[in-house]
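Everything on this sheet refers to the single structure shown next.
The values are calculated or read from the model by the stated rules, or taken from the named source; none is laboratory data. In this text the structure is predicted, and so the values were computed from the model without any measurement. Cβ placement follows ideal geometry from the backbone for every residue including glycine, while neighbour counts extend to all protein chains displayed.
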Amino acid sequence: MSGSPTLLPESRLGSTLRRDAWWIEIIPIFVVLGGFGIYATLRAFENAYYSWGPYLSPFYSPLIDPQHHWWHYSPALLILLGPLGFRATCYYYRKAYYRAFFLDPPACAVGEFPLRNYRGETAFPFILQNVHRYFFYLAVVFIAFLWYDAIRSFFFDGHFGIGVGTLVLTINVSMSSFFRFTLFPATPSVILLAANSTAFLVRPSADRVLKPGAFLVS
C-alpha cells in the first residue's frame, strides 16, 4: 500500500517532526552544568577558603605555592588545565554542552543553525577535542593526589576521625577513579586510538578513515 511521502520541515533551528517536549532534556543541563561552571570559576579565582584542618578543596589539589613566592595568583589556576581539559573534551560532556549551550544540535532529529562549510571536529578549535585520550593520562596523575588528600582527611591533629569533608573527598575520588579506570580503561585499544588520533591531527582530511593500522600508512 503506497502512502503519501512525508515532507521534512525546512532545515532551521528547532525544526523537527518530533511531537514530544524534546527541549526539556537540555534545560536541566543548561542550568546545572552552567551553574557549576560559574561556581567553579569563582572558586578557582577566589584564592581563599580552600583548606581547613586536613581538608583541601579538589579545585586546589595539588596545592602549589600557596605562599605566592613566584605565583601571584590563585594556586587553582596552576592545575586547571588537567581536570578541565579532561572534562571539556570528554565525550559525554561534549554531547551535553554541544546541545545545551551551542544548540548543535539541540536534540536528536531537531534542526540546528544552518551552517556553511561545516567541518565537524576537523578544524580549529574543535579539532582539539581529539586530545581527550592524552588528557586521560594527565587525569590519572590528579587521581593520585586526590587519593592522598582523601586519606589525609581521616586524620585530625594526628588522630583518626571521620567528618563530612572526609566523606565528600573520599566519595569524590572514588567516583572519579571508577569512571577513569572502568569506563575509560588504559588498555592497548586506547593506546591504538591515541595513535590514530595523532595521525588525524597531523594529516586531517575529509576522506580519511580512521581504522586500526591507519596510522602506519604513509
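The table below gives the values:
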item	result
Selection from region 85-128 of residues that are surrounded by 14 or more Cβ atoms within 10 Å (Cβ to Cβ), part of a helix (DSSP H, G or I) and aliphatic (A, V, I, L, M)	A88, A96, A100, I127
Residue within region 36-57 that is in a helix (DSSP H, G or I), of a type outside the set (D, E, K, R), within 24 Å of V173 (Cβ to Cβ) and touching an Asp or Glu at 6+ places or on another chain (Cβ under 8 Å) present	no
Output for region 121-158, where each listed residue is touching a Pro at 6+ places or on another chain (Cβ under 6 Å) and modelled with pLDDT under 90	T122
Some residue of region 173-193 being modelled with pLDDT of 90 or more, surrounded by 12 or more Cβ atoms within 10 Å (Cβ to Cβ) and either of a type in the set (A, V, I, L, M, F, W, C) or touching a Pro at 6+ places or on another chain (Cβ under 8 Å) (or both)	yes
Only one of G85, G120, G53 that is more than 23 Å from I29 (Cβ to Cβ), touching a helix residue (DSSP H, G or I) at 6+ places or on another chain (Cβ under 9 Å) and small (G, A, S)	G53
Region 92-120 residues that are under 17 Å from D20 (Cβ atoms) and at pLDDT 85 or above, paired with ones that are of a type in the set (D, E, K, R) and surrounded by fewer than 17 Cβ atoms within 10 Å (Cβ to Cβ) (beta carbon under 8 Å, 6 or more apart)	R99/E25; A107/R18; A107/E25; A109/R18; V110/R18
Every pair of residues 6+ apart whose Cβ atoms lie under 7 Å, when the first sits in region 155-176 and is over 12 Å from P58 (Cβ atoms) while the second is of a type outside the set (S, T, N, Q)	F155/P54; F156/G53; F156/P54; F160/F154; G161/F154; I162/F154; T166/F154
Qualifying residue in region 152-160 (condition: closer than 30 Å to R18 by Cβ, part of a helix (DSSP H, G or I) and in contact with a Phe, Trp or Tyr (Cβ under 9 Å, 6 or more places away or on another chain))	no
